[in-house]
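Take a look at the structure below.
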Amino acid sequence: MEQVQTRWNGWGSPGHDDPLAVNEPAWRWLTHAFAMPALLATPPRDVADMVLPPSRLKSGDAEKLAGLLGASGVQQGAFERARHAAGRGLEDLLALRAGDLTSAPDAVLYPRNEGDVLAVLKLCAERGIAVMPFGGGTGDVKPSRGGHQAVVTLNLSDLNRVTLVDAVSGLAEAEAGILGPALERQLAARGMMLGHRPDGFEFSSLGGWIAQPGAGQEGARYGEAPDWLLGLKVVTPQGLFRPSGVPDLKPLLLGSRGALGVITAATIRIRALPAKEEHRAYLFPDFASGLTAVRQALRIGLPHTFLRLSDDGETRLDRALARAGKDWSFRDHMFDVYLSIRRFDTGAARLVAGFAGSDSEVTAARRRFDGLARQLGALALSADRHWQDCRYAIGYRRDTMLDRGAGMDSLTVSASWTKLPQLYVAVRAALKQAMREHAPRAGAHGLVLAHLSGARADSASLTFTWLYPRILGDGITQARQIRLAALAASAVSGNDLRQEILRGAKKSLDPEAILNPAMAQLF
């Protein structure tokens with residue numbers, strides 16, 4: 001069985017693997033930015049010091065499951081149950097770190113193949129056992145029994161192979177538990193790639209990209225999930241379901257969080273590995289001019305494989321963390337002076353663009369983008385590796401932040417180009433106010449970062465990330481209130497017609513309602 005996480009109470013690498021964890025100048029900068037006198041170390045409790053509720057899985061049911069999966073396929077040890085005890089939303093992580101394991105599953109199951117998944121779901125439906133799918137472990141829903149006598153978590157990490165590559169047609173089929181790096185490695189061995197890079201790429205699974213809300217939006221390089229996702233295999237208690245044909249039922253599974261069925265495989269559109277791939281950063285005077293550049297690049301069909309625009313908050317933080325702890329040379333200082341003279345200081349926004357193809361194609365695309373950027377007053381920066389990696393780094397920082405008394409959360413929303421500016425202003429203002437109102441001391445506040453990605457002809461996605469000093473005595477309430485402010489400002493709302501369709505699908509595919517009872521409010 002593959003261990004997909006190195007922390008039982010978080011996701012990503014442990015804090016000591018994150019350079020920020022030992023970068024004291026960076027922490028001094030953050031402490032000052034939060035208007036705090038200090039940030040206190042807040043290590044999580046050790047799992048050995050916690051009390052797990054006793055397993056409610058009946059011994060007879062455990063034996064039947066072991067008969068289906070083998071003895072090693074049914075895990076009821078403390079570490080395995082604790083590691084699967086909650087989602088990976090901020091509130092869940094704060095509860096885990098404080099020692100709250102009340103939502104731990106009664107057992108963790110490791111199916112070896114699609115047949116195992118089907119057998120488990122049929123047995124659990126007969127025995128009244130709730131089932132929570134678990135891919136890479138980066139989801140945000142904790143186990144819930146609903147009205148069932150026990151709950152098990154279905155860890156799909158052993159469904160981790162690319163089973164078919166059709167290079168001629170540009171198609172591949174892969175099992176849903178495969179993690180991002182393994183997927184790209186197996187495709188690259190056959191000269192192909194998917195190229196999707198969401199936040200948490202190293203620790204999230206193909207099935208998770210599809211099943212999580214907003215899947216395919218954040219960090220997409222070669223298209224969103226509706227673009228690269230061609231087909232699905234979904235196992236339900238009623239059998240194998242292929243949501244294809246007319247009407248196309250795949251959209252029902254996007255963001256369904258395993259409540260309609262367990263995604264076991266996906267057919268995806270792939271492309272040949274490019275001969276060359278290059279990323280270049282551009283510094284715009286402000287976020288608005290960067291938005292204009294992205295819209296114009298799309299309008300004129302300028303070739304690119306990746307566009308991500310960071311606002312002034314994210315740009316400043318990335319630069320501050322990069323320079324903290326290093327010797328700042330005279331050249332670096334003069335570059336700062338130059339940026340200030342050119343008014344690329346407090347309001348500057350960084351855009352990273354990616355180009356791929358033959359050497360001549362990459363050169364031509366980059367030159368065209370250079371010309372567009374210059375027309376809008378931007379500076380073209382070197383293709384420094386820092387600029388290429390910064391778009392992934394922030395996702396791994398949450399565990400490190402929590403270890404040092406800071407909180408970190410994020411929200412991704414999509415809107416039309418017309419509504420994006422207003423949405424950006426409203427959500428950022430709401431977050432700033434909420435972090436001031438829910439701060440550990442008077443005058444303290446947080447930082448709001450935002451970036452645009454997943455740009456399309458008519459719309460794009462905005463991801464807001466906020467960092468703040470935690471109220472150590474009541475961090476869960478603080479996190480909830482700040483997030484609620486962001487949700488209210490973003491006007492995220494449900495679709496009544498979609499919910500009616502989901503209810504009908506749920507009754508048909510999962511009549512005993514054993515799949516992810518935590519999502520019962522949708523049905």
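Miscellaneous remarks
- Cross-link check: pairs K419/K507; K58/K122; K250/K276; K233/K276 evaluated at a Cα-Cα cut-off of 27 Å; pairs beyond the cut-off: K419/K507; K250/K276; K233/K276.
- Potential extension, V425-R503 segment - 0.36 nm per residue separation minus Cα distance: 24.5 nm
- The range 78-188: C-alpha gyration tensor shape, a/c 1.5 cut-off, then a/b vs b/c: oblate
- Ligands, DNA and RNA excluded, the heavy atoms of S410 present near 50 Å² of accessible surface to a 1.4 Å solvent probe.
- Over the range 392-464, accessible surface divided per residue gives 37 Å², non-protein components excluded, 1.4 Å probe.
- With each label modelled as a point 7 angstrom along the Cα→C-beta vector, the S382-T346 pair spans 3.0 nm.
- Gain on full stretching of the segment that runs from K122 to T477 - 0.36 nm per residue minus C-alpha separation: 123.9 nm
- Order of exposure, largest accessible area first, which applies to K276, K250 with probe 1.4 Å: K276, K250
- Computed with a 1.4 Å probe on the full set of protein chains, the accessible area for T315 sits at about 20 Å².
- With DNA, RNA and ligands ignored, accessible area of V151 (1.4 Å probe; Å², nearest 10): 0 Å²
The values are calculated or read from the model by the stated rules, or taken from the named source; none is laboratory data. Everything numeric in this text was worked out from a predicted model, so none of it was measured. Neighbour counts are summed over all protein chains in view; Cβ atoms, including those assigned to glycine, are modelled from backbone coordinates with ideal geometry. Heavy atoms of the whole protein, side chains included, go into the accessibility calculation; ligands, DNA and RNA do not. Shrake-Rupley method; radii C 1.70, N 1.55, O 1.52, S 1.80 Å.
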